[in-house]
1. Could you give me the ³J(HN,Hα) list for the range 91-106, computed from phi with Karplus coefficients 6.51, -1.76, 1.60 and θ = phi - 60°, whole Hz, x at Gly and Pro?
2. Name the residues whose placed amide hydrogens come within less than 5 Å of the amide hydrogen of E92, ignoring near sequence neighbours (fewer than 5 apart) on the same chain.
3. Stretched out fully, how many nm does the piece from S11 to D86 gain, at 0.36 nm a residue minus the Cα gap?
4. Check M85: other-chain or 5+ apart residues with amide H under 5 Å from its amide H, H built from backbone geometry?
5. Taking amide H positions as placed in the peptide plane 1.01 Å from N, state which residues far from F42 in sequence (5 or more) or on other chains have amide H under 5 Å from it.
6. Along Cα→Cβ, 7 Å out, is where each label goes; now give me the distance between the ones at F112 and C45 in nm to one decimal.
7. Could the peptides 132-141, 107-116 be put in order, highest first, of the mean number of other beta-carbon atoms found within 10 Å of their residues?
8. Test of the criteria: in the range 75-106, which GluC sites (Glu not before Pro) are in a DSSP loop and have at most 13 other Cβ atoms within 10 angstrom of their Cβ?
Amino acid sequence: MAKSRYEKYISRKPYYLWKFGDDSVAHAMEPAPTVWADKHVFEGCNSVIEGSNVWADCSLGVRTDGKGTPIHKHPYEEFFLFKGMDPKNPEELGAEVEFWVGEGDKTEKLVFTTSSVLYMPPNLAHFPMHFKNVKKPFQFFVFMPNQGESNPEPIDSRKPSDFGANKR
């Protein structure tokens, strides 16, 4: 069968943000956070889609070894999708999520246990996030429409220990 002229618009082989086993979530996420779409997957793509399945307690954005995603903000919007996988009760996430938002004395912890979407408007500091009391696997996706060439701006005034970082 001849290859379609539109084959370039299908992401059949995503790539991983880091090697499995090189991170603090290897015991809890499969695959390691995976990029399904970005400028490296699709020529000219301005947006990013990342995703993973979570099946055990873990945290993102709290590492002290310089790896992973730090507490940050950026000039583009971002969506975090947490989707339960129970077909009889899709609203139930099967876990508790703690997601830190804001900066300085305006920092707040959001907590939820249902399938949810969090919207981060441009320039709103966020992270870390903790997945706790994971009783059922769930899907976790990040969407960054129109990211362009921007990179996150780390927020240096906050330390992982300020947010209940797991000791490893």
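1. Using θ = phi - 60°, the values come out as 6, 6, 6, x, 6, 10, 10, 10, 10, 8, 9, x, 9, x, 6, 9 Hz.
2. S115
3. Numbers: separation 75, 0.36 × 75 = 27.00 nm, distance 2.60 nm.
Gain on extension, S11 to D86, equals 24.4 nm.
4. Amide H neighbours of M85, under 5 Å, 5+ apart: Q139.
5. Hits under the 5 Å cutoff: none.
6. In this crude label model, F112 to C45 measures out at 2.5 nm.
7. Values: 132-141: 16.0, 107-116: 14.2.
Per-residue Cβ counts within 10 Å, averaged per peptide and sorted highest first, yield 132-141, 107-116.
8. E91
Read the figures in this text as sums done on the coordinates, not as results from a lab. All values reported here derive from a predicted model rather than from experimental measurement. Methodologically, a virtual Cβ is constructed for each residue, glycine included, from the backbone with ideal geometry; neighbour enumeration extends over all protein chains shown.
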